[in-house]
Amino acid sequence: MISRRNLIGGSAILASAAAVSGRVQAAAIPEVVTSTSPAMAPPLTPTSGPAYQPVVTLNGWTLPWRMNGDWKEFHLVAEPVVREMAPGMKAHLWGYNGQSPGPTLEFVEGDKVRIFVTNKLPEHTTVHWHGMLVPNGMDGVGGLTQPHIKPGQTFVYEFAVRKSGTFMYHPHSDEMVQMAMGMMGFIVVHPRDPNLHRVDRDFVFLMSTYDIDPGTYLPKVTTMTEFNMWTWNSRVFPGIDPLVVRQGDRVRIRMGNLTMTNHPIHMHGPSFAVTGTDGGWVPESARWPEVTTDIPVGGMRAVEFVADEPGDWALHCHKSHHTMNAMGHDVKNFIGAPQRDLTKAIRKLMPDYMPMGSAGMAEMGAMEMPMPDNTLPMMTGYGQFGPIEMGGMFSVVKVREGLARDDYKDPGPYKNPPGTVAFAVESGAPEAPRQSSAPSRPGDIDVTVVKPGKTNHSNH
Ligand SMILES: [Cu+2]
């Protein structure tokens, strides 16, 4: 799954050699480690440098390093990638080392790190270490603190890691395009003392958004608000890994937001406390319980809870449009209009016609609708009790008894103890008084063809 390739060879040597800092020989550029799989890699236990409890990246991985004296050396390659957002849909993005987002970088407070950045994009780039205190000339702002890294060049960033916490990396070079194309990654800096802020499971994901017309592969890079793919680590439900947790574990979830709107992330079940931002750790005396935390644009929130209650607990953005995939923006409200009879007739003329929502849109969760290639249903996913009717920024915290320490495998649906699931009553329930509404007549039906062509929707 994770492969290594050596970038050194042929004329590439000379091209990179010229750009590499005098202190570093080109021949010493670390090999490139790449992964193109959307499967979650197991936590990368450090085999060199100080010990720490590694994190787990949803649908992602941590970049291995090598020691060179007392320097930890990493090699990031900025390059075009193909990312499966969920089975059935792939996006052509830009990222690092085979993926968008790029691999997670894990450092330890006090580490000296040297990060090689090779640019294999068709335009220049830089890397900015969001939230980290680095020498100004290592801050990665193209034009301001360094020359841009031209295509084919390799630059080196060197700095001592001064504080622990959760940070992000992204370009500061043609930012609008490069971030809209998926260029970003997480940085986790572990405390020098591995017992400080220790948890049993530590998950990370980055939020990014894309505007990809159904049936196409490339995000539109000038979109500012009309996104239609709301992703965690460039994945959408049902493609996002569940967060598998052993009952009793202390759990941390670190969530970064590099989209252009805020995301109120809500967890069902246990309450949590915000224990960190991209500015650092929140002192214990300043924490309070929450079940939703709003993650601002360009911000990160780390939340912690004890998973004492077993079950399948939803974790999602509470903006309901963000738990949907590409959808019809101009869908009219058909609640109350019987369309079933018409659909057959209309489909003879227009095979793409989709009847929408005579009684709400829930029926779409179960319906097989004709769809262009490379397009995900607007609301989808199945649970043990039926369609889940979600998309976008939605996953499940799966708390189970007696899992092994490093077991992150999806345990399947929760087996609820008998008598603890909401149930239907057979009959005899008193009819609640209803608001009267005018019955709709066939003549009233507004026939609208929902074309999946222009299907963005805005934030509300
Ligand atoms: Cu959201």
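The values are calculated or read from the model by the stated rules, or taken from the named source; none is laboratory data. This is a predicted model, so every value here is computed, not measured. No Cβ is skipped: glycine too gets one built from the backbone with ideal geometry, and neighbour counts run over all protein chains shown. All accessible areas refer to the heavy atoms of the entire protein, side chains included, with ligands and DNA or RNA removed. Shrake-Rupley method; radii C 1.70, N 1.55, O 1.52, S 1.80 Å.
The table below lists the values:
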item	result
LEU243 vs. criteria within 16 Å of the ligand (Cβ to nearest atom), within 30 Å of ASN228 (Cβ to Cβ) and crowded, with 18+ Cβ neighbours inside 10 Å	no
Per-region count, segment 199-235, residues modelled with pLDDT of 95 or more and away from the ligand (no atom under 16 Å from the Cβ)	6
Residue match in segment 100-118 (condition: among the polar types (S, T, N, Q), open to solvent by 10 Å² or more (accessible area, probe 1.4 Å) and either assigned to a strand (DSSP E or B) or at pLDDT 95 or above (or both))	no
Near pairs, Cβ below 6 angstrom, 6+ apart or cross-chain, from segment 96-117 (free of Cβ contacts under 8 Å to residues at least 60 places away in the same chain) to any residue that is among the charged types (D, E, K, R) and open to solvent by less than 10 Å² (accessible area, probe 1.4 Å)	VAL113/LYS72
Any hit, segment 44-57, residues being in a strand (DSSP E or B) and either touching a residue at least 24 places away in the same chain (Cβ under 8 Å) or within 21 Å of GLN153 (Cβ to Cβ) (or both)	yes
Scope segment 61-80; condition out of contact with any Gly (no Cβ under 9 Å at 6 or more places or on another chain), closer than 15 Å to VAL161 by Cβ and not charged (D, E, K, R); matching residues	TRP71, PHE74
Counted residues, segment 282-319 - those being more than 22 Å from the chain's Cα centre (by Cα) and over 22 Å from PRO242 (Cβ atoms)	8
Positions within segment 246-269 being open to solvent by less than 20 Å² (accessible area, probe 1.4 Å) and away from the ligand (no atom under 16 Å from the Cβ), in sequence order	ASP249, VAL251, ARG252, ARG254
Test for MET168: is it open to solvent by 10 Å² or more (accessible area, probe 1.4 Å) and among the aliphatic types (A, V, I, L, M)	no
Sole exception among (1) surrounded by fewer than 16 Cβ atoms within 10 Å (Cβ to Cβ); (2) at positive phi for GLY131, by number	(1)
Filtered residues of segment 270-297 (kept if within 13 Å of the ligand (Cβ to nearest atom) and among the hydroxyl-bearing types (Ser, Thr, Tyr))	THR292, THR293
Among (1) more than 16 Å from the ligand (Cβ to nearest atom); (2) in contact with an Asp or Glu (Cβ under 7 Å, 6 or more places away or on another chain), the one test that MET300 misses	(1)
Segment 245-276, residues that are free of Cβ contacts under 8 Å to residues at least 40 places away in the same chain, farther than 24 Å from GLU175 by Cα and in a loop (DSSP other than H, G, I, E, B)	SER271
Tally, over segment 191-212, of residues that are open to solvent by 40 Å² or more (accessible area, probe 1.4 Å) and within 16 Å of LEU93 (Cβ to Cβ)	0
